[in-house]
1. Which residues, taken from region B:46-88, are among the β-branched types (V, I, T) and within 16 Å of ligand 2 (Cβ to nearest atom)?
2. Is there a residue being modelled with pLDDT of 90 or more, open to solvent by 20 Å² or more (accessible area, probe 1.4 Å) and under 19 Å from B:M48 (Cα atoms) anywhere in region B:252-267?
3. Within the bounds of region B:349-372, is there any residue that is within 16 Å of ligand 2 (Cβ to nearest atom) and either modelled with pLDDT of 90 or more or open to solvent by 20 Å² or more (accessible area, probe 1.4 Å) (or both)?
4. Please go through region A:18-31 and pick out each residue that is outside any strand (DSSP E or B) and either at the interface with chain B (Cβ under 8 Å from one of its Cβ atoms) or small (G, A, S) (or both).
5. For region B:31-48, name all the residues that are open to solvent by 50 Å² or more (accessible area, probe 1.4 Å) and either part of a loop (DSSP other than H, G, I, E, B) or on the phi > 0 side of the Ramachandran plot (or both).
6. Please verify whether B:Q125 is modelled with pLDDT of 95 or more, in contact with a helix residue (DSSP H, G or I) (Cβ under 8 Å, 6 or more places away or on another chain), within 30 Å of B:S213 (Cα to Cα) and within 15 Å of ligand 1 (Cβ to nearest atom), treating the condition exactly as stated.
7. If you check A:N5 against the conditions, is it open to solvent by less than 50 Å² (accessible area, probe 1.4 Å), farther than 30 Å from B:V19 by Cα and within 12 Å of chain B (Cβ to nearest Cβ)?
Amino acid sequence: MESTNQVLLQERYIINPVFLFRWEESQDAHVLLYPEGVVKLNQTAAAILKHCTGELTVDQSVDRLVAEFGQSDREVITQSVVKFLEASRDKGWIRIID
Amino acid sequence: MTKAGSELSIDGDGKPIWVSLELTYQCPLSCVFCSNPLDFESYQKGEMSAAEWKRVIREARDMGAMQIGFTGGEPTLRKDLEELVGYANEIGFYTNLITSGIGLTATRLKVLKAAGLKHIQLGFQSCDENVANTLAGVDSAKLNSYRKKLAIAQEIKALGFPMVLNIPVTRQNLPQVPEILQLAEQLGVEYVELANVQYYNWALVNRDQLMPSREELEWAEAEVNRFRERVGDKMTIYFVIPDYFDGRPKACMNGWGSIHLTIAPDGSALPCSQARSLETLTFPSVRDHSLQWLWEESATFKVYRGNEWMKEPCRSCDEKEQDFGGCRCQALALTGDADNTDPACSKSPHHHIVQQAIKSAELARELKQPLLVREANSVVAIKRASKMSAANRVASEEAECVNNTGSTCRKESSCKSRVLSDGEAVE
Ligand SMILES: C[S@@+](CC[C@H](N)C(=O)[O-])C[C@H]1O[C@@H](n2cnc3c(N)ncnc32)[C@H](O)[C@@H]1O
Ligand code: SF4
Ligand code: SF4
């Protein structure tokens, strides 16, 4: 599905306050909990969402992720992060702050 | 690295994810579509204590459950609701209150908020006062359910709770769908669930009078889509064409004993809130067994888990991983055998029963039979009255016709089809 929301590098995002983002021991993963629903996140998804606190721009968050994952190809990471954030926005998990 | 869009769904890995606590079947309202047992009054004496509920909450959490729903009946009738919500929140549950709103006050809502309540689902009937009170089965001079609900909806939003407005869609409130959505938008509701009435118990008794036609449903669907386009993603509307009209059954409970567990007011552990209609099964209680034993070892939870139990056409069908053969309670209520394919499926040899029910509801429009409101001690009267109903007349003709073909045919909780959403696989 083509994303209906475009995510730009200078934007800042927060997790939609309706969602509760936390570590869940029994799933050995981070989860998003919301009214009557659960989303289990894998490590990378969780790493990206962890930066959605409204402090960092998408661009700054990419810097951190490059460092955290010891990846060298910044361009590839940028593309992936933007794509994931767009999908997250489509699903209502995150919101832009302005 | 990222593969946004590839879906990965959680199945709980054999653990229960969602637990519903039916704290009581008592209720100040008398909804004509209520899915509670017809003999709801008989459960009042044996209701579990706060200490018993807490033990269940602890055990469910220890088994890995993450979502807990406090429901009923009307859960706010229990004075210990705040205590139970507080406990569940403390040990890591995402807490959901499923309420009619009657019994809630601004003060109680504040206490619940402080106790960690995360979300409130408010049962709602209509934006038309008369229709709303008729469906809630109340005399508005004595209890104006509609006005109380509207007032409490505003309090809920004022306190910042995420809110689901649950509206079981019937012939009576379907024409108001566009206005109901507008009202929800004004209230600032995040989720609207236009719920398909599941025809069990009171809803089954009133089925002929409640069931909308395909044309009405398609009109409502178009209105919902138009509304979605206008409001965008600030409101999520759940609306699907009901199983009776869809040709495929609902993926009931995401599969029997797969992720969901309901505890009735007396402590019986149920794979779904309607399961007790399966009279051949026994439903042992959390009073006598550990939750883990009930989930893992009890025959009741094992009987329809997975797909070993399936008969044809499900057994060799490539859609069985999607709908799990549908609803066991509906299979029993409509075909007389809980092991059968859900007759909502067009591949079911009993699918004509569902088609007949649709026809019967059409015929009943002419008859203008009254709606029966949920009332205590009415099981006997209902059984007598239902013999005369259009539904049964059609159904008994049906029973004969099926018997002639050699197979036997005697004569339906809302399904948590949205309990789990798909996760994002990011590799
Ligand atoms: C049984 S009620 C119990 C909680 C509370 N008394 C209430 O009405 O919200 C749980 C939810 O199921 C919905 N409901 C009741 N009967 C139903 C039925 N036959 N089919 C589908 N949903 C139903 C109600 O609107 C409510 O949102
Ligand atoms: S659906 Fe209506 S009658 Fe049934 S428990 Fe909820 S409020 Fe009470
Ligand atoms: S035959 Fe059974 S498994 Fe196949 S679509 Fe129908 S209900 Fe589902």
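The values are calculated or read from the model by the stated rules, or taken from the named source; none is laboratory data. Everything numeric here is computed off the predicted structure, so don't read it as measured data. Cβ: placed from backbone, ideal geometry, glycine included. Neighbour counts: every protein chain shown. Areas reflect the complete protein model, heavy atoms only, side chains present, ligands, DNA and RNA absent. Shrake-Rupley method; radii C 1.70, N 1.55, O 1.52, S 1.80 Å.
1. Residues of region B:46-88 that are among the β-branched types (V, I, T), as a first pass: B:56-57, B:68, B:71, B:76, B:85.
Once the filter is applied, which keeps residues that are among the β-branched types (V, I, T) and within 16 Å of ligand 2 (Cβ to nearest atom), region B:46-88 yields B:T71, B:T76.
2. yes
3. Of the residues in region B:349-372, the ones within 16 Å of ligand 2 (Cβ to nearest atom) are B:371-372.
Among the residues that remain, those that are also either modelled with pLDDT of 90 or more or open to solvent by 20 Å² or more (accessible area, probe 1.4 Å) (or both) are: B:371-372.
Looking for residues that are within 16 Å of ligand 2 (Cβ to nearest atom) and either modelled with pLDDT of 90 or more or open to solvent by 20 Å² or more (accessible area, probe 1.4 Å) (or both), one finds at least one in region B:349-372, hence yes.
4. A:V18, A:S26, A:Q27
5. Within region B:31-48, B:D39, B:Q44, B:K45 meet the criteria.
6. So B:Q125 passes the test.
7. Yes.
This table checks each residue for (1) open to solvent by less than 10 Å² (accessible area, probe 1.4 Å); (2) at pLDDT below 95; (3) more than 16 Å from ligand 3 (Cβ to nearest atom).
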site: B:K3; (1), (2), (3): no, yes, yes
site: B:S6; (1), (2), (3): no, yes, yes
site: B:I10; (1), (2), (3): no, yes, yes
site: B:T24; (1), (2), (3): yes, no, yes
site: B:I57; (1), (2), (3): yes, no, yes
site: B:A60; (1), (2), (3): yes, no, yes
site: B:T71; (1), (2), (3): no, no, yes
site: B:G86; (1), (2), (3): no, no, yes
site: B:F93; (1), (2), (3): yes, no, yes
